[in-house]
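Okay, so here's the structure we're looking at.
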Amino acid sequence: MSDNTQHKPRLRIGMFVHLDLPWMAHPFFTSSFKIRTRKQLETLMQLDLGRVRVDLARSDPEPEDLPADDEPEGDGDAEARDQLRADLEASLWEEKNARIRVLKERRKRLNLCAKRYRQSVVLARKLMSHLRSAPAQAAEEADALVSQMVEDLTADHEATVQLVNLKSQDENTYHHAINVMALALVLGRKLKLDRENLRLLGLGALFHDLGLQRIPSQILHKKGDWNKPERALYEQHPRYGVEIAQTIGTLPDAVIEVIGQHHEHLDGSGYPDGLSGKALGALTRIVSVVNRYDNLCNGTYSGRGLSPHQAVSSMYTKDRARYDPRVLTTLITNLGVYPPGTVVRLEDERVAVVISINPDDLLRPNVLVYSPEIPSDQALILDLSEEEGAIRESLHQSELTEDIIEYLNLSDKLSYYVQSSPAKGR
């Protein structure tokens, strides 16, 4: 930050200012920002904030023809100016407090989603343990879990789902299963599947990696790349999954098809059978896209995860021929160019994590901003479309400091928050 300070009358649009006050000691929503509008400038000029710091390096160049500053009109207008200042400050405080209430409500909903997610993981772990000893019971428990997930998606007016990836090798299978199931149901709902097909889709997504039970753990958790025999064995897990599913005896054929085909590709480049085109079922086409996306994000087995933005970009630019274009487009439309969970640097240099998209402007999502002057439990959430903000670039977690990782709550989990408009691996 530059040491340059400016008296308020010399402030102008385009300056990047910093208020040396605690966050709750002023009515602005952030303590550092660029003056973008005449209203912002006039508000700063009227408020009794003393001096403000100006960062010239982050300010716009000074225009050659600056309008003259308005001179005070005399003591007779002092009372009117005081009233204007009081009205402006009261208005800003009202807006700030209203936004704080909105943030608290959003955080409450996110916490509820996280709680439901953790409960789903516990249920998934429980039903998987019943597969051999009580397969019929496991199938019933799976059906109840999927039905509840469908109910949650249908009941929520904004169709929200939060997926939390807890970094645990032992439980990765369960978290991945819930991630794929929840995102598949989001896409299925967007693709207007009926309730029964949503149920079948959810079951197929939940059980899609059933065959991994027959893959040795030393292969699944191997550090580094697989050799040719290891990869060949791994690529048999869809077949193994079909065999296990058939022994359960109660899973529908559509679910077993998803289990067997979730690594097949539209262009015939997948495995284990190299199926293509019309040979791939409608439900399989959804699960295969979501499965690949979650694998890329979470770096399953020996790979390191990509950011959600990198994952979407990779799927669209490199692998587009593999997937049903309607399904892939629906994924991108609902996750955005910068999907929830992407860490970004804004144009004003602040670091933030995307928490939800704006359906009407995929380039300007809602972000939670690293603002050390604000308590982390009150962390700032910005709608970039309203704030006239923009994203400069996406970042990998390795580029962040420990303070940022802790503040944005990235050390233990990566959150995906999918929100629809109420108006409208390997």
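The values are calculated or read from the model by the stated rules, or taken from the named source; none is laboratory data. Everything numeric in this text was worked out from a predicted model, so none of it was measured. Positions of Cβ are generated from backbone atoms using ideal geometry, with glycine treated the same way; all protein chains shown enter the neighbour counts. Calculation scope for accessible area: heavy atoms of the full protein, side chains included, ligands and nucleic acids excluded. Shrake-Rupley method; radii C 1.70, N 1.55, O 1.52, S 1.80 Å.
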List, please: which pairs have Cβ atoms under 6 Å, are six or more places apart or on different chains, and start with a residue in region 34-51 that is assigned to a loop (DSSP other than H, G, I, E, B) and end with one that is open to solvent by less than 30 Å² (accessible area, probe 1.4 Å)?
35/15; 35/41
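Please work out which residue is nearest to residue 148 (Cα to Cα), limiting yourself to region 187-211 and to residues that are outside any loop (DSSP other than H, G, I, E, B) and open to solvent by 10 Å² or more (accessible area, probe 1.4 Å).
Residues of region 187-211 outside any loop (DSSP other than H, G, I, E, B): 187-190, 195-206, 210-211.
If we keep only those that are open to solvent by 10 Å² or more (accessible area, probe 1.4 Å) as well, we get 189-190, 195-200.
Details: 189: 14, 190: 18, 195: 12, 196: 13, 197: 14, 198: 11, 199: 10, 200: 13 Å.
So, considering only residues that are outside any loop (DSSP other than H, G, I, E, B) and open to solvent by 10 Å² or more (accessible area, probe 1.4 Å), the one nearest to residue 148 (Cα to Cα) is 199.
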Of the conditions (1) modelled with pLDDT of 80 or more; (2) within 35 Å of the chain's Cα centre (by Cα); (3) not aliphatic (A, V, I, L, M), the single one that residue 151 does not satisfy is (1)
Region 381-418, subset under 24 Å from residue 293 (Cβ atoms), of a type in the set (Asp, Glu) and not in a loop (DSSP other than H, G, I, E, B), residue modelled with the highest pLDDT:
393
Of all the residues that make up region 326-360, how many are in a helix (DSSP H, G or I) and either open to solvent by 50 Å² or more (accessible area, probe 1.4 Å) or of a type in the set (Gly, Ala, Ser) (or both)?
3
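With respect to residue 81, is the statement that it is at pLDDT below 80, open to solvent by less than 100 Å² (accessible area, probe 1.4 Å), touching a helix residue (DSSP H, G or I) at 6+ places or on another chain (Cβ under 8 Å) and among the charged types (D, E, K, R) true? Full working, then the answer.
Values: at pLDDT below 80: yes; open to solvent by less than 100 Å² (accessible area, probe 1.4 Å): yes; touching a helix residue (DSSP H, G or I) at 6+ places or on another chain (Cβ under 8 Å): yes; among the charged types (D, E, K, R): yes.
Against the criterion (at pLDDT below 80, open to solvent by less than 100 Å² (accessible area, probe 1.4 Å), touching a helix residue (DSSP H, G or I) at 6+ places or on another chain (Cβ under 8 Å) and among the charged types (D, E, K, R)), residue 81 qualifies.
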Within region 250-272, does at least one residue satisfy the condition of being within 25 Å of residue 138 (Cβ to Cβ), part of a helix (DSSP H, G or I), more than 29 Å from the chain's Cα centre (by Cα) and modelled with pLDDT under 95?
no
